[in-house]
Every structure is written in structure tokens, then in C-alpha cells.
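K.L.:
For reference, the structure I am asking about is given below.
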Amino acid sequence: MSMGMKVTGEERDVDGENHSTQETTVACKMYFYGREFCFVLALLFTSYAALQNAPPKVSKSPLPVRFFSRTSLVADFYYGQLSSAFERVAESDVSFVMYYAPWDAESQSLKEEFAIVAQYYYKQVYFAAINCWQPLGECRQQFSKIQHFPVLIAYTQHTKGIQYKGVKEAGHMIKFIQSVVRPLSRIEHPHDLVDLMASHDAVVVGLFHFSGNIGSPGFHTFYSTSLKFLERDPLREVGFGVVTNEVAAAHFGIFELPAVRLYMWNETLEYSQSADYSVDALTKWMSHNVHQVSVWVSPPGVKSLTLSPYVEKGSVLMLFTPRNPFLIYNQFYDMVREIGLEYYNCDDNPWVQDLSSQITRKQNEYLQEQKHLDSYCDLMKRYSRYGSDKKHASNDHWCSNGNSTYCPDRCYLDSGSAWFLAPGIDQSLDYVSFSKGSGCGETNDKFSCKKWQSGHCMYEEELSRSENQTDYGSVGLETSMLKGLNDERAATALLLAAAKERCQQWDRAQRVHTALPRYVSIGQTPPGFRGLACRSNQSLSLLAMDTLQFHQFAEGLGLDVLSFPDKTAVVIFNAELESTYVLNGPVSHSSLLDFMTNYTKGLLSRSLRNSSQQWSTSLNKYREIKSESCTNSESEMCIQELTSSNFEAFVMAEDKDVVLLYHSPYCAFCHSVSHIYLTVARYFRLHHSLEFYRIDGENNDLPWEFTMDRYPTLLFFPAFRKSDSRVYPSNLPLTVSNLINFVLANLRGLSHMEGILALCSGWDEGVDNVSAKDCVDQVRGETVELIADTLSRYRKSVFRQSMQSVAINASSDYQRLLRRQTKDLLFQLHTLREINLLLGSVSRLQETSSEYQSIQKSLEMYYKHSYVHHKSNVTFQSSQHTKSEDIKNTNEGNL
């Protein structure tokens, strides 16, 4: 009997509820813990992402160092202290500031040039350099948008900064500062305007009336405009003049002041009185209306459209000549400008003719002044060394040559580092004069020396004044009159400072380029040349470019301009027609007139550039293999580089089949296919009449029929029929097999057979015997076909020879030609027979085998005979043509 307790239904329900409650509690706990775990995990991911997105840690920039040395005349604010620099700038009348980056290569190269400018102008201009790259510096924070270093800006009192955008070279920057210091020329008479126009392409004249110390309305705006225009014209090709009174303005027909006029070579424009009179408005008006006969162009050194407006119009005459910024005139440019005035003088305007004559006259006068200045400054240098001895230029070699006109009796002394001249010396400094005696000699000149006293030369007026002052002094009277001694602003001191600056400028001009070039006489312009630009559809734009700065442009046109006389050359080019014409011989007035006239008439021959004339200063210079150093062997293959000078001699050789590759140093695909070309050339290297060449089509100009418009391009020129040249198909991939088939397809006769022979002999031991035997059999098949063809031609030649022998009027020359042709065909049959027999004795061809060497000797002898036969045929045909022409002319004469 079993014992047990009976469980009721209610108890079972309670147990179930307890169990479900426990499960719910566990589920709630698991949900809670899971939620907390997800929250912690999300927090961790968020923190990690925040740490990853934090700004990277950057090390501090190194401390700046001086860009210019401590002893330099340039104040270097290498920490970028902008406020400190501008405090000094505000205290100076003229300042020149260089904003640089110490790591910038152009800033580093400009540093020395900037120091030279400071050495030249440090007494008048304040020079500063500011590091505008230094992080956290004032300049970097203020001018954070500077895209290019260095930046050069000139500052004057009461005007905005003027950015220098010209050539970054010391001479050009000195010329720019000179224009900033003296931006205006004073005009008192129309003759002054004509002289100013002779040295500038255009002149802007402001007419104002100054009353006392009040000034004139509008003058400051005009002055600021002349400075602002230097940003467009840093070397002052457009001159600015000012008329300061009503009397002078009346000479120009102006009675309502202020007024602004723009004088150009063929017209005069006046700024409207009702227009906006501001710096920007005046600058825009001048830039829009100025037009010149000839223009100096100065490319900025980066990609620009400087030449585009002139090149797109048509033909351009470009004068390459040194431009010396320290000289007022440039004789070659003035010659082009004078010719250009006549060239564009379509209306026969007398004013244009007068201006042309004035340019010639002023140029001749300036050349004479240059010669006198050269002698003057040379004497100043030599005799300043003996200033402590108080010696005179009594026995000077220059004066002893009979130039007494420029050697009147004056005194010359030197005291310390300054030069002292007689105060009566002419301000133009065209001559120098010294005393001829051992002391201060007496002459009738009121400025002659009378007495040596107190270490300087006493003149007549000064001596009398000194004696009077001594008398008054004896009675105890004093005077407030300034003697001018040790006064830098005295009249005498200013004249001496001007003399020193003139000679300093002349010395700097000699360093830039020869300041006394070869004299070029300017003759009369023929009447038929006047207005030629309007009578022809080939008018020229006249440009000039500085040889010293931009000789690479001339070299790009194929001119080694630095080796030309006076480093001067003239070239006409048309970009659309890709034509270039070079003036051969020295540049002169007559040669330039003939050059322009012949171009207009179409009588000039196109000049071809030659890549063999590569110069050390040229850009994109690639090493070329000379013909004498080009050797081929089994392990090395060399392709000879042709130029425009030897193109015809090699490619157009009558007895040679030529494969020519046109390439360019800028063509990447040309380099990628060069190995294919070399491989095929190696296969055919033992071919007697087949040559492989290449030519740089980018730097070698060729006749139009041989000029390619795409690179690379392959051409095949067959022997004895160069006019049947073939171009490698552009739609065919350039592979070794395709190129071999292209070459074989264009070979003819025995040359084709030799091509296959060269391929067979070039196979190495890796080729199976069956393939090698098939190749030999194919060559034998070619030989048999050639034997059959040659035998047929031989029989025809024998038949014609037999017919000519029985002819009554047979020509003896023609009979000799037939006999020679028959003999040559017989020799060809003999050669083919030997080759066929040699091929029948071998199953594989190799370059080192005796059979192949014998075949090569036979072919060599054949090609020699073939070339002689061709030359005799050409000679006979030319003689027959000459005879027929003579007979024709004789018959026409009889008629």
C-alpha cells in the first residue's frame, strides 16, 4: 500500500504562479542589466569617437631667424611685427617693403637683389622686410590671403601702397623707385612735351594753377594717379607731366583748369570735366585709351596671356634686345618705334613725321651725352682717389687728346668721401672741367678759382664776400647769412649729390649691359614705306622683349640671341601659320625696313628651328645622341637623332629605305613605344639599304610636306621613290609584329628579300628547327621569284638593245644606257643565283655563319652597282630633258 499526499488543484495553481513570477523577475533583471550594458557601451563608443575627432596635436613652429643680416640696410621684422614696421614707414617719405616667406625659393633669390636696391637708395628710401608667413605673427593674421611670395610694395606719405609687379631684378626695381620718388615731369613749353614724348610711348599731362602755398585743386589726385599707374607700368613707359601755371597752359590751348590730357602718337584725348575725377576713374580712362606703336612686353614668369592679344591679331615683329633700366633711351627700340610711326602713318600726318624726326634727334643727342658722361664719371673715379693730396687734373689723358671744348678752367677737389666740383658746373653734367694749372688758375669765368683757403677753393664772389665779412668782423659785426658749409641742402651740395647719383647710375648701367652700344645710324624712310600697314593685309604688331631677362623666348624660336651682335635680333612670327622669319645680319635702320617690306611682299623664306642648337640656358633640354657616337651591335641598339639641318641629307638619300619616327619630349606615349621601335630596328640592323631614324618634331621645323600634327608618327620613305612615302596606320596598334609587317610591306624587290633574310638570321637558338627551316625556304621562294622577274627584264633589255642596233637614227647615248642596263641586270641575276645556292645549303641562318657572311658580301656589291645604275639613269633622263627643252626653244625662236 503506497503512502502519499494528495495535491489539490489550488496548490498547483499557486506553484505555477510562483514559478512564473520568478521567471518574470529574472527577465526584468536581464533587461535592466542589458540596458545598462548598452548604455555603457554607447558611452564608450561616444568617448572614443570624440577622442578620435579631436584636433591633432601640432608641434610649435620653430623660432624665426633673421632673413637679412644685422648689418644689412634692410630692417628685418622677422617676427612679423606689422605695427612696428608701419610706425617706421609712417615716418619716412618713401618706403619699400618686402613681404616674404623664409622658406620660399623666390624670396631667397630676391633677397640679394633687394639688398642691392637698398644700397643704392638707402639715403632717400626706407627699406623693410616683413616675415608674413610666421604663424601667429601680426602680418600673417592681417594678410592671411597672400597667395604668392614675395610681395613688394612702395609706400609714400598720404597715398596708398603701390605694388611692384615688374621684373624682380635690382635694376628694374631701382627704376621703379626712381619713378616713385619723382613721378612727374614739369612742363613749361610745348617743346618740353615733345621731348617727353620722344622718350615715352604716351604722355599724360595735368594742367593746374597753383596760387601761393594753397596748392591746386585736383593736383593730389593726379599725383596719386601717376603713382597708382606704376602698378600697370612699372618702368614708366607712359610719362606723366604737369603744367603749373596759366601762362604755360595757354600754350596748349587750355584756359579752364584743372585739366588732364592724354597725348599719343596720332591723337590727343582730354578727360571730360564732368566725369568722375578720382584715382580709379583716371587710371581706368588711361588704360582703356592708351595705344602705342610699339610695346615692351614683360611676361610675369607664370602662365599668362601677356602675348595673346598681339599674337591672335596676326603676325608679330619681335625685337629681342637688352633693356637697360638705367638708361632713358634704347637705340634699337627707338629705331623700331621710329619705323613704326612711319609704318602706321596712313594719313601722312605731319605731326607723326615730326615726332619720328624728334625721336631720331633726341637719340643722337643722348648718345653724345652718354659718351661725355662716361668720360666725366671715369675722371671722377680716378681723381677722387687722390683727393687727400689736393691734386688737379692738369695732365689728364682725356683732356690732352684735344677735347678742349669740354675742359675749361675749373677746379676739382675731393674732401673725404664726397666729390666737390665748381658750383657753376652745368646741371646736365654733360662735361667735366678741371683747372689746367698747378693751382687754382685765374680766368675770365666768374666761377674760376682765385685762392686756396681753408681746405677748399675760393672763387671770385666768395673771396670778396669773405673779405667783406672779415672787415665787418674786425669791428665786431655779425651776420646771419648761411655760408653753405657742411649743409647737405645747400645749392652746391645738391649739385654735387646730383653729380654723384648720376655717376652712380651710370656705373650701375654699365654693370647691367654695355651702356655705349654700337652706333646705329638712322637714315631716311622711303616714301613708299609710309602707311604700309594700311595697304597690306599682313600688318605687323611691333613688340620688344628684354634679352637679358627673357632670352628663353628667343631660343624657343630657334635664336641663340645671346651670341648675336649686341645681343639683338629681330624675328617675325605668325602663330596661326606656324611660320617664323629671322632677320639675318646686323640690325640696322635699312635692314629692318627691307625686312618688313619683303615680308609684306611675301619674299622672305621661312626659318626652320634646329634642335642641334641647344644652349645651356634653354629650358626643357634633352640629351641627344650625336651621329658619330651612334653605334649598333647585337647587345646595344642606337637610333640616330635627326635635326632640320640634316633631315634631307639622311631621309631623302636616294639609295636608302628610311623608317622615321616623329616624337616630342612632351609626349608620354612616345616614350612608351620607343622600345618597340628599337626592337624592330634591331631585327633589321644588318639590312644594307634600310635605316631607322627619329626626329624631335616639336623643336625642329621642317618643310610643310614633312610636318606632322600628332606624335608619335611613323613614316616610311622608300628608296628611289621618296614621293611614295607611307604613314603607319593610326587605327593599327603599334606592336612589334605590326611594325615589322608594315616595313616588309613597303620594301620592294631585293630589299624585301633581304628584310626577310634579316629576320631569319636574327632568330636565336630557342626557335625550333622546323620554323627556322620554313623561314629559309620562304627566303628561297622570294629569291626564285626575283630571279624570274629579273630574267624577264633582262630578256626585254636584250631585245630592245638588238632593235636599237638596227635602227637608223638610234642615239648612241641611249644605246650605251641599254648596254649598261643589260649588264646590271646580268649582275643582279648572278647575285640572286649565288644567294639561292647558299640558301639551299643551310637549314638555319645565323649571323655568325659563313653562308650568311657570304650573302652579306654579295648584297653589298649589288647595292653599290644598283646605286651607280640609278645615278646614270637620272643623268641620262636629265640630259634628254635638257635637249628637248633646247629643241623646243630653238623651234620657238625660228617661228
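K.L.:
Considering every residue within the stretch 208-225, establish whether at least one is buried (at least 19 other Cβ atoms within 10 Å of the Cβ) and out of contact with any Pro (no Cβ under 9 Å at 6 or more places or on another chain).
P.N.:
yes
K.L.:
Do any residues in the stretch 141-156 that are on the phi > 0 side of the Ramachandran plot have Cβ atoms under 8 Å from those of residues that are surrounded by fewer than 20 Cβ atoms within 10 Å (Cβ to Cβ) and in a strand (DSSP E or B), where the two are at least six apart or on different chains, and which pairs are they?
P.N.:
From residues that are on the phi > 0 side of the Ramachandran plot, there are no pairs.
K.L.:
Something else now. Give the number of residues within the stretch 235-275 that are out of contact with any strand residue (DSSP E or B) (no Cβ under 9 Å at 6 or more places or on another chain) and closer than 27 Å to residue 165 by Cα.
P.N.:
Going through the stretch 235-275 one residue at a time, the tally reaches 1.
K.L.:
So which residues in the stretch 103-159 are among the polar types (S, T, N, Q), buried (at least 16 other Cβ atoms within 10 Å of the Cβ) and farther than 16 Å from residue 90 by Cα, if there are any at all?
P.N.:
Correct list: 107, 131, 134.
Results for (1) assigned by TED's automatic domain parsing to the domain that holds residue 99; (2) assigned to a helix (DSSP H, G or I); (3) at pLDDT below 75, shown as yes or no for each residue.
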position: 34; (1), (2), (3): no, yes, no
position: 41; (1), (2), (3): no, yes, no
position: 50; (1), (2), (3): no, yes, yes
position: 54; (1), (2), (3): no, no, yes
position: 58; (1), (2), (3): no, no, yes
position: 73; (1), (2), (3): yes, no, no
position: 76; (1), (2), (3): yes, no, no
position: 80; (1), (2), (3): yes, no, no
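K.L.:
Then there's this: Count, please, the residues in the stretch 727-762 that happen to be in contact (Cβ under 8 Å) with a residue 24 or more places away in the chain, touching a helix residue (DSSP H, G or I) at 6+ places or on another chain (Cβ under 8 Å) and in a helix (DSSP H, G or I).
P.N.:
16
K.L.:
Also, I was wondering about something else. If I ask for residues that are farther than 16 Å from residue 580 by Cα and of a type outside the set (Asp, Glu), which ones from the stretch 703-717 would you list?
P.N.:
706, 708, 710, 711, 712, 713, 714, 715, 716, 717
For every residue, the table says whether it meets (1) of a type in the set (A, V, I, L, M, F, W, C); (2) within 16 Å of residue 669 (Cα to Cα); (3) out of contact with any strand residue (DSSP E or B) (no Cβ under 9 Å at 6 or more places or on another chain).
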{"residue": "711", "(1), (2), (3)": "no, yes, no"}
{"residue": "714", "(1), (2), (3)": "yes, yes, no"}
{"residue": "718", "(1), (2), (3)": "no, no, no"}
{"residue": "724", "(1), (2), (3)": "no, no, no"}
{"residue": "730", "(1), (2), (3)": "no, yes, no"}
{"residue": "734", "(1), (2), (3)": "yes, yes, no"}
{"residue": "738", "(1), (2), (3)": "no, no, yes"}
{"residue": "744", "(1), (2), (3)": "yes, no, yes"}
{"residue": "748", "(1), (2), (3)": "no, no, no"}
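K.L.:
Can we say residue 194 is touching a helix residue (DSSP H, G or I) at 6+ places or on another chain (Cβ under 6 Å), outside the structural domain of residue 73 (by TED's automatic domain parsing) and assigned to a helix (DSSP H, G or I)?
P.N.:
The answer is yes for residue 194.
K.L.:
Looking at 788, 719, which one is outside the structural domain of residue 685 (by TED's automatic domain parsing), of a type in the set (Gly, Ala, Ser) and either at pLDDT 75 or above or exposed (fewer than 14 other Cβ atoms within 10 Å of the Cβ) (or both)?
P.N.:
Working: 719 fails: outside the structural domain of residue 685 (by TED's automatic domain parsing).
On inspection, the qualifying residue turns out to be 788.
K.L.:
While we're looking at this one, here's another question. If you take the residues of the stretch 667-700 that are assigned to a loop (DSSP other than H, G, I, E, B) and free of Cβ contacts under 8 Å to residues at least 40 places away in the same chain, which of them is surrounded by the fewest Cβ atoms within 10 Å (Cβ to Cβ)? Spell out the reasoning first.
P.N.:
Step one: filter the stretch 667-700 for residues assigned to a loop (DSSP other than H, G, I, E, B), giving 667, 673, 684-689, 697-700.
Checking which are free of Cβ contacts under 8 Å to residues at least 40 places away in the same chain leaves us with 697-698.
On the way: 697: 24, 698: 16.
Ranking the qualifying residues of the stretch 667-700, first place goes to 698.
K.L.:
Quick one: which strands (runs of 3 or more DSSP E) lie wholly within the stretch 254-305 and hold at least 1 residues that are more than 32 Å from the chain's Cα centre (by Cα)? Let's see the steps before the verdict.
P.N.:
Working: elements: 259-263, 268-270, 294-296.
The strands (runs of 3 or more DSSP E) meeting that bar are 259-263, 268-270.
K.L.:
Which ones in the stretch 73-87 are within 24 Å of residue 145 (Cα to Cα) and of a type outside the set (Phe, Trp, Tyr)?
P.N.:
75, 76, 80, 81, 82, 83, 84, 85, 87
K.L.:
Here is a follow-up. Go through (1) at pLDDT 75 or above; (2) surrounded by 13 or more Cβ atoms within 10 Å (Cβ to Cβ); (3) not aromatic (Phe, Trp, Tyr) for residue 795 and report which single condition fails.
P.N.:
(2)
K.L.:
Further, regarding this structure: Please determine, by comparing only the residues of the stretch 56-85 that are surrounded by fewer than 15 Cβ atoms within 10 Å (Cβ to Cβ) and touching a residue at least 24 places away in the same chain (Cβ under 8 Å), which one is nearest to the chain's Cα centre (by Cα).
P.N.:
Restricting to residues being surrounded by fewer than 15 Cβ atoms within 10 Å (Cβ to Cβ) and touching a residue at least 24 places away in the same chain (Cβ under 8 Å), the top hit is 65.
K.L.:
Restricting to the stretch 564-577, name every residue that is free of Cβ contacts under 8 Å to residues at least 60 places away in the same chain and more than 13 Å from residue 320 (Cα to Cα).
P.N.:
577
K.L.:
Among the residues of the stretch 327-334, are any under 30 Å from residue 368 (Cα atoms), buried (at least 19 other Cβ atoms within 10 Å of the Cβ), outside the structural domain of residue 171 (by TED's automatic domain parsing) and in contact with a Ser or Thr (Cβ under 6 Å, 6 or more places away or on another chain)?
P.N.:
Yes, some residue in the stretch 327-334 is under 30 Å from residue 368 (Cα atoms), buried (at least 19 other Cβ atoms within 10 Å of the Cβ), outside the structural domain of residue 171 (by TED's automatic domain parsing) and in contact with a Ser or Thr (Cβ under 6 Å, 6 or more places away or on another chain).
K.L.:
Additional query: Take the stretch 798-837 and flag every residue that is in contact with a helix residue (DSSP H, G or I) (Cβ under 8 Å, 6 or more places away or on another chain), among the aromatic types (Phe, Trp, Tyr) and at pLDDT 70 or above.
P.N.:
Hit for the stretch 798-837 is 827, nothing else.
K.L.:
Only residues that are at pLDDT below 90 and surrounded by 16 or more Cβ atoms within 10 Å (Cβ to Cβ): list them for the stretch 581-593, please.
P.N.:
587, 588, 589
K.L.:
Looking only at strands (runs of 3 or more DSSP E) that fall completely inside the stretch 310-425, which ones have 2 or more residues that are at pLDDT below 80 and of a type in the set (Ser, Thr, Tyr)?
P.N.:
Correct list: 412-415.
The values are calculated or read from the model by the stated rules, or taken from the named source; none is laboratory data. The structure displayed is predicted, hence computed values, not measured ones. No Cβ is skipped: glycine too gets one built from the backbone with ideal geometry, and neighbour counts run over all protein chains shown.
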